[in-house]
Amino acid sequence: MLLKIRHALLEITNHPNTKQSAVIINNEIIITSAGIMQSYVRPMPLVADQSNKNACVSTKIIRKLEQCQLINTQSDDSEESRFLHSLNYQVTFDRREFPQTSTQQGNGRTNCILTRYRTKLLYIFSSEEISRNFHKLSNHSTMPKNTVKQHNEVLLTSFLILTMHPEKLNPPERFQRFLEHITHYLRYQYSVRALDDVLIMCAPFGMENFYKTICIGKVSNVLGYGNGSLFVLSNILPLGCEGSAVFNSKLRLIGLIISTSFQYNRESINMTLVANFAYLMRDFIKQLGIKITSITMPREPSNFAWERFLVIIEAGGNQGTGTFVKVQNKKFILTCSHVVFQVNSKVRCRSVNGIFESEVLWQNPHYDAAFDVALLSIPHNISHRYYVRLAQTKPYLGQRVYNAGFPYFLNFNLKYDFNPSIFQGRVIRYTPAIIMSDGCVQAGQSGGPMLDKQGNLMGVCVSNMKVDDKVYPNFNTAVPIISIRSILEDYAQTNDIRVLNNLVANQDIQKTWSLADQSAISKL
């Protein structure tokens, strides 16, 4: 059963006016993220007895969503329903088309006109599966959370169901038949995997001028142990794209964007986080009390065998990434010096096989200069399949690369969730001192590999760019492997640790690496 899926722009016209993307299914049902309600559902400080008796209406809404209780707004029986009905909802989409002119008929182009309709809120609900995995991410921060941020996170994992034609959904059996069409659609869903191609249809900044903007990207990570209820995209999108539809390569709806950025330790992290459409609809239908066929889509490994190369490193309170490397018969972990510079002896590491302790063999004493690399010891029981090959050719402009590692939201102590991310990009500058790429790099990926499409190690990710306190995650730097390969080979042949002192770069390399302004480097 195919569904007719359209992009739309949902607007709440009450002050302050807010707009964001949405999805219309079969010209009847509108679905979007409840994040659009953050300006209206703003709880007052919680009362001491923690009961709903003296709580404000926003607090009551948040508490119900925290407990994954469905809020039915089709009656005025509750204070929550009356409040939600007091908001004015409008949806804008291209339902009609301009008549074609003779010129347009000749070139095959069809112009569309945007039409605005009043719409009615039917339900607001929170998905248990999506909420659980999202809060695992947000709870990793060491900073204390404020109440407003906690409430906003509840809304980010909640969803609105609206309609333009409430009369068409009566009697209730009609709405149930509509949901049965959706469950039939979901039976033919595919598992989401890292590096899958995706297409996003959105309205950046919530503006009609950008209506139906198309973005092409990749899945960078699939989150949630044993399932894919959340996934991360390689695209960095602006506000207003929340609620946008995400399609797979077969143009089937697989997700809704719920967030385009996070606050972590007082820093803004640009990440496009997507709720799996199958899981959010499954939880909604369950909360309605309708029995459906179980929907399970276990996480599947990507076709790019990169996860087994990676190591997550915890050193002196810092977290970074490393790579299993074998040069001739010498085996070690390659990472950044600034990841381990606070320790002199040993660090804790985790690979796909578990936790182990690693000795710091060598680190650049000038961790803020070229080449920012360190070598760590490796356990004897690591399979030969877990080592990455070193690239033997120079990078070239436009070459496709993959930056891999453990961004901030992956916690070292999550025993059952070894789940690195990978971001596709291209080489935008190369010198013997530095590789620059436009593939996303986030805090926590320092020391991680930059791979070519054959899976060879081209570089060690070091930093992204920061200018006037603004971080550009899609503009980042790496140490070129081709520039240090011969030194690593000399070390493998001689087993002399002093050979690694040659990794401290000469003055020409240092000047190129510093970019004439060290403040522009943002260490990860």
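Within the span defined as region 410-427, every residue fails to be of a type in the set (A, V, I, L, M, F, W, C), closer than 20 Å to Gln510 by Cβ and open to solvent by 10 Å² or more (accessible area, probe 1.4 Å). Give the number of residues within region 1-10 that are surrounded by fewer than 21 Cβ atoms within 10 Å (Cβ to Cβ) and either touching a Ser or Thr at 6+ places or on another chain (Cβ under 8 Å) or under 22 Å from Leu114 (Cβ atoms) (or both). Residues in region 1-10 being surrounded by fewer than 21 Cβ atoms within 10 Å (Cβ to Cβ) and either touching a Ser or Thr at 6+ places or on another chain (Cβ under 8 Å) or under 22 Å from Leu114 (Cβ atoms) (or both): 4 in total.
Can you say whether Tyr430 is at pLDDT below 80 and open to solvent by 10 Å² or more (accessible area, probe 1.4 Å), as far as the supplied structure shows? So Tyr430 fails the test. Scanning region 312-327 for residues that are open to solvent by 10 Å² or more (accessible area, probe 1.4 Å) and at pLDDT 90 or above turns up just one, Lys326.
Taking the criterion of being surrounded by fewer than 16 Cβ atoms within 10 Å (Cβ to Cβ), in contact (Cβ under 8 Å) with a residue 12 or more places away in the chain and in a loop (DSSP other than H, G, I, E, B), the residues of region 145-190 that qualify are His165, Arg187, Tyr188, Tyr190.
Considering each residue of region 366-378 in turn, at least one proves to be closer than 30 Å to Lys511 by Cα, touching a Phe, Trp or Tyr at 6+ places or on another chain (Cβ under 8 Å) and hydroxyl-bearing (Ser, Thr, Tyr). Within region 201-212, the residues that satisfy the criterion of being without any contact (Cβ under 8 Å) to a residue 60 or more places away in the chain and closer than 12 Å to Leu237 by Cβ are Pro204, Phe205, Phe210. Where helices (runs of 4 or more DSSP H) fall wholly inside region 12-115, the ranges with 3 or more residues that are at pLDDT below 90 and not assigned by the TED database to the domain that holds Arg132 are 102-107. Within region 132-144, being open to solvent by 20 Å² or more (accessible area, probe 1.4 Å) and modelled with pLDDT of 75 or more holds for Arg132, His135.
To keep it simple, each residue is scored yes or no on (1) exposed (fewer than 15 other Cβ atoms within 10 Å of the Cβ); (2) in the same structural domain as Leu137 (by the TED database); (3) closer than 14 Å to Cys461 by Cα; (4) touching a residue at least 24 places away in the same chain (Cβ under 8 Å).
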| position | (1), (2), (3), (4) |
| --- | --- |
| Asn329 | yes, no, no, yes |
| Thr335 | no, no, yes, yes |
| Leu376 | no, no, no, yes |
| Ile382 | no, no, no, yes |
| Gln392 | yes, no, no, yes |
| Gly405 | no, no, yes, yes |
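The values are calculated or read from the model by the stated rules, or taken from the named source; none is laboratory data. Values in this document were obtained by computation on a predicted structure and should not be read as measured data. Methodologically, a virtual Cβ is constructed for each residue, glycine included, from the backbone with ideal geometry; neighbour enumeration extends over all protein chains shown. The accessibility values were calculated without ligands, DNA or RNA, using every heavy atom of the protein model including side chains. Shrake-Rupley method; radii C 1.70, N 1.55, O 1.52, S 1.80 Å.
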